[in-house]
Amino acid sequence: MRRLIFTGALPVLVTMALLQGCSEPKDCPKVAPVQQESGDAGSEEESYDCNSLEGAGLLKKTWCDARSAFESSSVSGDISSFNPYLTGFRNGVNDARQAETSKIARDVVEGQREKSNEAGYRAGYKSVLDKMGIEEFSCRDSEQASEYKDRWCEAEDAYRVSGIGSTENPFVRGRFIDGYMAGGRVALTVPTSMEAFLGGDNPEGKQPAIFKTEGEKRPTVDAFDKGFDEGYKAMIASIRESINQVMQQMQAPNGGGMQMPEGMQLPEGLMPPQPGQ
(Lines give C-alpha, C1' and ligand atoms only; values in the text may rest on other atoms or scores of the structure.)
Protein backbone atom coordinates (compact mmCIF):
# COMPACT_ATOMS: atom_id res chain seq x y z
CA MET A 1 0.00 0.00 0.00
CA ARG A 2 2.80 2.42 0.84
CA ARG A 3 4.41 1.72 -2.50
CA LEU A 4 1.18 2.60 -4.37
CA ILE A 5 0.70 5.82 -2.44
CA PHE A 6 4.28 6.87 -3.10
CA THR A 7 3.95 6.14 -6.79
CA GLY A 8 0.82 8.22 -7.06
CA ALA A 9 2.38 11.10 -5.13
CA LEU A 10 5.63 11.12 -7.14
CA PRO A 11 4.45 13.57 -9.82
CA VAL A 12 3.28 15.99 -7.14
CA LEU A 13 6.63 15.83 -5.28
CA VAL A 14 8.57 16.36 -8.48
CA THR A 15 6.44 19.35 -9.38
CA MET A 16 6.90 20.88 -5.90
CA ALA A 17 10.66 20.40 -6.08
CA LEU A 18 10.86 22.10 -9.46
CA LEU A 19 8.75 25.00 -8.31
CA GLN A 20 10.56 25.49 -4.98
CA GLY A 21 11.91 29.00 -4.79
CA CYS A 22 9.95 30.05 -7.87
CA SER A 23 8.36 33.36 -7.00
CA GLU A 24 7.85 34.88 -10.44
CA PRO A 25 5.99 33.25 -13.35
CA LYS A 26 8.91 33.92 -15.71
CA ASP A 27 11.25 31.97 -13.40
CA CYS A 28 8.97 28.94 -13.26
CA PRO A 29 9.89 26.04 -15.55
CA LYS A 30 7.21 24.57 -17.76
CA VAL A 31 6.13 21.16 -16.52
CA ALA A 32 4.41 18.76 -18.91
CA PRO A 33 1.29 17.15 -17.40
CA VAL A 34 1.74 13.54 -16.40
CA GLN A 35 -0.36 11.12 -18.48
CA GLN A 36 -1.85 8.34 -16.43
CA GLU A 37 -3.06 5.11 -17.97
CA SER A 38 -6.78 4.68 -17.65
CA GLY A 39 -6.76 0.94 -18.14
CA ASP A 40 -9.48 1.18 -20.86
CA ALA A 41 -9.42 -1.12 -23.88
CA GLY A 42 -8.89 1.94 -26.07
CA SER A 43 -5.58 2.84 -24.39
CA GLU A 44 -3.80 0.35 -26.61
CA GLU A 45 -4.39 -0.95 -30.11
CA GLU A 46 -6.86 -3.82 -30.35
CA SER A 47 -5.63 -7.18 -31.51
CA TYR A 48 -7.24 -10.59 -31.29
CA ASP A 49 -6.55 -14.18 -32.26
CA CYS A 50 -9.33 -14.99 -34.73
CA ASN A 51 -8.55 -18.70 -35.05
CA SER A 52 -11.28 -19.45 -32.54
CA LEU A 53 -14.40 -17.32 -32.11
CA GLU A 54 -16.18 -19.61 -29.68
CA GLY A 55 -17.51 -17.51 -26.86
CA ALA A 56 -16.13 -14.33 -28.48
CA GLY A 57 -17.53 -11.06 -27.21
CA LEU A 58 -18.83 -8.22 -29.35
CA LEU A 59 -15.48 -6.42 -29.64
CA LYS A 60 -13.57 -9.50 -30.73
CA LYS A 61 -16.29 -10.69 -33.10
CA THR A 62 -16.61 -7.39 -34.91
CA TRP A 63 -12.82 -6.95 -34.96
CA CYS A 64 -12.31 -10.34 -36.59
CA ASP A 65 -15.17 -9.80 -39.06
CA ALA A 66 -13.79 -6.39 -39.95
CA ARG A 67 -10.26 -7.76 -40.35
CA SER A 68 -11.46 -10.48 -42.71
CA ALA A 69 -13.46 -8.00 -44.79
CA PHE A 70 -10.58 -5.50 -44.76
CA GLU A 71 -8.14 -7.99 -46.28
CA SER A 72 -10.28 -8.31 -49.39
CA SER A 73 -11.24 -4.63 -49.60
CA SER A 74 -9.99 -1.90 -51.92
CA VAL A 75 -8.10 -0.21 -49.05
CA SER A 76 -6.20 -3.25 -47.80
CA GLY A 77 -2.94 -2.00 -49.31
CA ASP A 78 -2.44 0.41 -46.40
CA ILE A 79 -2.52 -1.45 -43.09
CA SER A 80 -2.64 1.85 -41.20
CA SER A 81 -6.14 2.41 -42.59
CA PHE A 82 -7.52 -0.58 -40.70
CA ASN A 83 -8.41 1.39 -37.57
CA PRO A 84 -10.75 3.84 -39.37
CA TYR A 85 -12.04 0.87 -41.37
CA LEU A 86 -12.83 -0.94 -38.10
CA THR A 87 -14.65 2.11 -36.73
CA GLY A 88 -16.71 2.40 -39.90
CA PHE A 89 -17.45 -1.34 -39.84
CA ARG A 90 -18.81 -1.19 -36.30
CA ASN A 91 -20.92 1.87 -37.11
CA GLY A 92 -22.37 0.07 -40.12
CA VAL A 93 -23.21 -2.99 -38.02
CA ASN A 94 -24.84 -0.81 -35.37
CA ASP A 95 -27.03 1.07 -37.85
CA ALA A 96 -28.05 -2.12 -39.63
CA ARG A 97 -28.96 -4.00 -36.46
CA GLN A 98 -31.33 -1.14 -35.59
CA ALA A 99 -32.87 -1.27 -39.08
CA GLU A 100 -31.70 2.27 -39.80
CA THR A 101 -31.14 3.58 -43.30
CA SER A 102 -27.50 3.43 -44.34
CA LYS A 103 -25.77 6.77 -43.75
CA ILE A 104 -23.77 6.43 -46.99
CA ALA A 105 -24.60 5.04 -50.41
CA ARG A 106 -24.49 1.26 -50.26
CA ASP A 107 -22.95 1.02 -53.74
CA VAL A 108 -19.53 2.40 -54.56
CA VAL A 109 -19.48 5.08 -57.23
CA GLU A 110 -17.59 3.67 -60.20
CA GLY A 111 -14.16 5.23 -60.60
CA GLN A 112 -14.23 6.89 -57.18
CA ARG A 113 -11.72 5.78 -54.55
CA GLU A 114 -13.29 4.67 -51.29
CA LYS A 115 -12.33 6.17 -47.97
CA SER A 116 -11.33 3.52 -45.46
CA ASN A 117 -14.06 4.36 -42.93
CA GLU A 118 -16.73 4.38 -45.67
CA ALA A 119 -15.49 1.04 -47.01
CA GLY A 120 -15.69 -0.37 -43.50
CA TYR A 121 -19.19 1.03 -42.97
CA ARG A 122 -20.45 -0.58 -46.18
CA ALA A 123 -18.90 -3.90 -45.26
CA GLY A 124 -20.37 -3.83 -41.75
CA TYR A 125 -23.85 -2.85 -42.95
CA LYS A 126 -23.82 -5.50 -45.67
CA SER A 127 -22.64 -8.19 -43.25
CA VAL A 128 -25.88 -7.79 -41.28
CA LEU A 129 -27.96 -8.02 -44.47
CA ASP A 130 -26.17 -11.22 -45.41
CA LYS A 131 -26.60 -12.78 -41.97
CA MET A 132 -30.31 -11.95 -41.94
CA GLY A 133 -30.78 -13.36 -45.44
CA ILE A 134 -32.27 -10.17 -46.86
CA GLU A 135 -32.34 -10.69 -50.61
CA GLU A 136 -32.43 -7.84 -53.08
CA PHE A 137 -32.96 -7.81 -56.84
CA SER A 138 -32.30 -5.35 -59.62
CA CYS A 139 -35.64 -5.01 -61.36
CA ARG A 140 -34.10 -3.25 -64.36
CA ASP A 141 -32.35 -6.30 -65.75
CA SER A 142 -33.37 -9.78 -66.84
CA GLU A 143 -30.86 -11.61 -64.65
CA GLN A 144 -32.19 -14.14 -62.12
CA ALA A 145 -35.55 -14.10 -63.90
CA SER A 146 -38.17 -16.07 -61.95
CA GLU A 147 -41.75 -15.89 -60.79
CA TYR A 148 -40.48 -14.94 -57.34
CA LYS A 149 -38.47 -12.04 -58.74
CA ASP A 150 -41.50 -10.83 -60.71
CA ARG A 151 -43.60 -10.77 -57.55
CA TRP A 152 -40.72 -9.21 -55.59
CA CYS A 153 -40.42 -6.38 -58.10
CA GLU A 154 -44.19 -5.91 -58.10
CA ALA A 155 -44.07 -5.58 -54.32
CA GLU A 156 -41.08 -3.24 -54.47
CA ASP A 157 -42.96 -0.99 -56.87
CA ALA A 158 -45.92 -0.93 -54.46
CA TYR A 159 -43.53 -0.02 -51.65
CA ARG A 160 -42.03 2.84 -53.63
CA VAL A 161 -45.48 4.21 -54.47
CA SER A 162 -46.69 3.86 -50.88
CA GLY A 163 -44.11 6.34 -49.61
CA ILE A 164 -44.07 4.77 -46.14
CA GLY A 165 -40.27 4.59 -45.92
CA SER A 166 -36.98 5.26 -47.62
CA THR A 167 -36.35 3.14 -50.71
CA GLU A 168 -32.75 2.89 -49.45
CA ASN A 169 -33.78 1.10 -46.26
CA PRO A 170 -33.59 -2.63 -47.06
CA PHE A 171 -35.08 -3.65 -43.71
CA VAL A 172 -38.30 -1.63 -43.89
CA ARG A 173 -38.66 -2.36 -47.60
CA GLY A 174 -38.00 -6.06 -47.02
CA ARG A 175 -40.72 -6.29 -44.37
CA PHE A 176 -43.19 -4.51 -46.66
CA ILE A 177 -42.39 -6.98 -49.44
CA ASP A 178 -42.78 -9.93 -47.06
CA GLY A 179 -46.15 -8.58 -45.98
CA TYR A 180 -47.22 -7.90 -49.57
CA MET A 181 -46.51 -11.48 -50.62
CA ALA A 182 -48.15 -12.91 -47.51
CA GLY A 183 -51.25 -10.81 -48.14
CA GLY A 184 -51.47 -12.06 -51.71
CA ARG A 185 -51.15 -15.65 -50.55
CA VAL A 186 -53.96 -15.26 -48.02
CA ALA A 187 -56.19 -13.66 -50.67
CA LEU A 188 -55.91 -16.85 -52.72
CA THR A 189 -57.38 -19.08 -50.01
CA VAL A 190 -60.88 -20.46 -50.59
CA PRO A 191 -62.55 -18.84 -47.53
CA THR A 192 -61.41 -15.44 -48.68
CA SER A 193 -61.53 -15.31 -52.45
CA MET A 194 -64.37 -17.72 -53.28
CA GLU A 195 -66.69 -16.54 -50.52
CA ALA A 196 -65.98 -12.95 -51.40
CA PHE A 197 -67.08 -13.46 -55.00
CA LEU A 198 -69.49 -16.38 -55.08
CA GLY A 199 -71.01 -15.68 -51.69
CA GLY A 200 -71.68 -12.05 -52.47
CA ASP A 201 -69.69 -10.67 -49.56
CA ASN A 202 -67.52 -7.62 -49.94
CA PRO A 203 -64.11 -8.17 -51.62
CA GLU A 204 -62.37 -8.07 -48.25
CA GLY A 205 -64.26 -11.11 -47.03
CA LYS A 206 -65.78 -11.48 -43.56
CA GLN A 207 -62.69 -10.33 -41.65
CA PRO A 208 -60.20 -7.49 -42.06
CA ALA A 209 -57.12 -8.36 -44.08
CA ILE A 210 -54.86 -8.01 -41.04
CA PHE A 211 -55.37 -6.90 -37.45
CA LYS A 212 -53.61 -3.59 -36.90
CA THR A 213 -52.68 -2.60 -33.38
CA GLU A 214 -53.24 0.97 -32.27
CA GLY A 215 -50.46 3.35 -31.33
CA GLU A 216 -46.95 3.89 -32.58
CA LYS A 217 -45.18 0.86 -34.00
CA ARG A 218 -41.67 0.15 -35.14
CA PRO A 219 -41.21 1.06 -38.83
CA THR A 220 -40.54 -2.59 -39.73
CA VAL A 221 -43.77 -3.76 -38.06
CA ASP A 222 -45.79 -0.99 -39.66
CA ALA A 223 -44.26 -1.81 -43.05
CA PHE A 224 -45.30 -5.47 -42.82
CA ASP A 225 -48.88 -4.58 -41.88
CA LYS A 226 -49.22 -2.10 -44.73
CA GLY A 227 -47.53 -4.46 -47.16
CA PHE A 228 -49.96 -7.25 -46.20
CA ASP A 229 -52.93 -4.97 -46.74
CA GLU A 230 -51.64 -3.79 -50.13
CA GLY A 231 -50.78 -7.30 -51.30
CA TYR A 232 -54.15 -8.64 -50.22
CA LYS A 233 -56.07 -5.93 -52.06
CA ALA A 234 -53.89 -6.30 -55.16
CA MET A 235 -54.59 -10.04 -55.35
CA ILE A 236 -58.32 -9.57 -54.79
CA ALA A 237 -58.35 -7.03 -57.64
CA SER A 238 -56.45 -9.46 -59.85
CA ILE A 239 -58.90 -12.28 -59.09
CA ARG A 240 -61.86 -10.01 -59.77
CA GLU A 241 -60.38 -8.96 -63.10
CA SER A 242 -59.78 -12.58 -64.11
CA ILE A 243 -63.34 -13.56 -63.21
CA ASN A 244 -64.70 -10.60 -65.17
CA GLN A 245 -62.76 -11.71 -68.23
CA VAL A 246 -64.23 -15.19 -67.96
CA MET A 247 -67.72 -13.83 -67.45
CA GLN A 248 -67.46 -11.71 -70.57
CA GLN A 249 -66.95 -14.87 -72.59
CA MET A 250 -70.10 -16.47 -71.20
CA GLN A 251 -72.71 -15.49 -73.73
CA ALA A 252 -75.93 -17.07 -74.93
CA PRO A 253 -75.55 -20.35 -76.88
CA ASN A 254 -76.39 -18.64 -80.20
CA GLY A 255 -73.48 -16.33 -79.54
CA GLY A 256 -71.04 -19.20 -79.58
CA GLY A 257 -70.00 -18.70 -76.00
CA MET A 258 -70.55 -20.47 -72.68
CA GLN A 259 -73.92 -20.45 -70.97
CA MET A 260 -74.39 -19.75 -67.29
CA PRO A 261 -75.79 -22.71 -65.31
CA GLU A 262 -79.49 -22.27 -64.62
CA GLY A 263 -80.13 -20.53 -61.33
CA MET A 264 -76.53 -19.49 -60.81
CA GLN A 265 -76.22 -15.94 -59.59
CA LEU A 266 -73.01 -13.97 -59.30
CA PRO A 267 -72.42 -10.74 -57.38
CA GLU A 268 -73.32 -7.53 -59.13
CA GLY A 269 -70.68 -6.54 -61.61
CA LEU A 270 -69.65 -10.14 -62.29
CA MET A 271 -72.63 -11.28 -64.34
CA PRO A 272 -71.84 -11.99 -68.01
CA PRO A 273 -73.18 -9.50 -70.55
CA GLN A 274 -76.60 -10.21 -71.97
CA PRO A 275 -76.96 -11.26 -75.63
CA GLY A 276 -76.59 -8.33 -77.95
CA GLN A 277 -74.79 -6.17 -75.42
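The values are calculated or read from the model by the stated rules, or taken from the named source; none is laboratory data. Predicted model only: the values in this text are computed from it and were never measured. So basically every Cβ, Gly included, is an ideal-geometry build from the backbone, and we count neighbours across all protein chains shown.
Listed here are the residues, each with its yes/no results for (1) modelled with pLDDT of 95 or more; (2) of a type in the set (Gly, Ala, Ser); (3) buried (at least 19 other Cβ atoms within 10 Å of the Cβ).
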{"residue": "LEU198", "(1), (2), (3)": "no, no, no"}
{"residue": "ASN202", "(1), (2), (3)": "no, no, no"}
{"residue": "GLY205", "(1), (2), (3)": "no, yes, yes"}
{"residue": "LYS212", "(1), (2), (3)": "no, no, no"}
{"residue": "ASP222", "(1), (2), (3)": "no, no, yes"}
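Of the residues in the stretch 152-185, how many are assigned to a helix (DSSP H, G or I) and touching a Pro at 6+ places or on another chain (Cβ under 9 Å)? First the steps, then the outcome.
As a first pass, look at the stretch 152-185 and keep what is assigned to a helix (DSSP H, G or I): 152-162, 170-185.
Of the ones still in play, those that are also touching a Pro at 6+ places or on another chain (Cβ under 9 Å) are 171-172, 175.
Number satisfying all stated conditions: 3.
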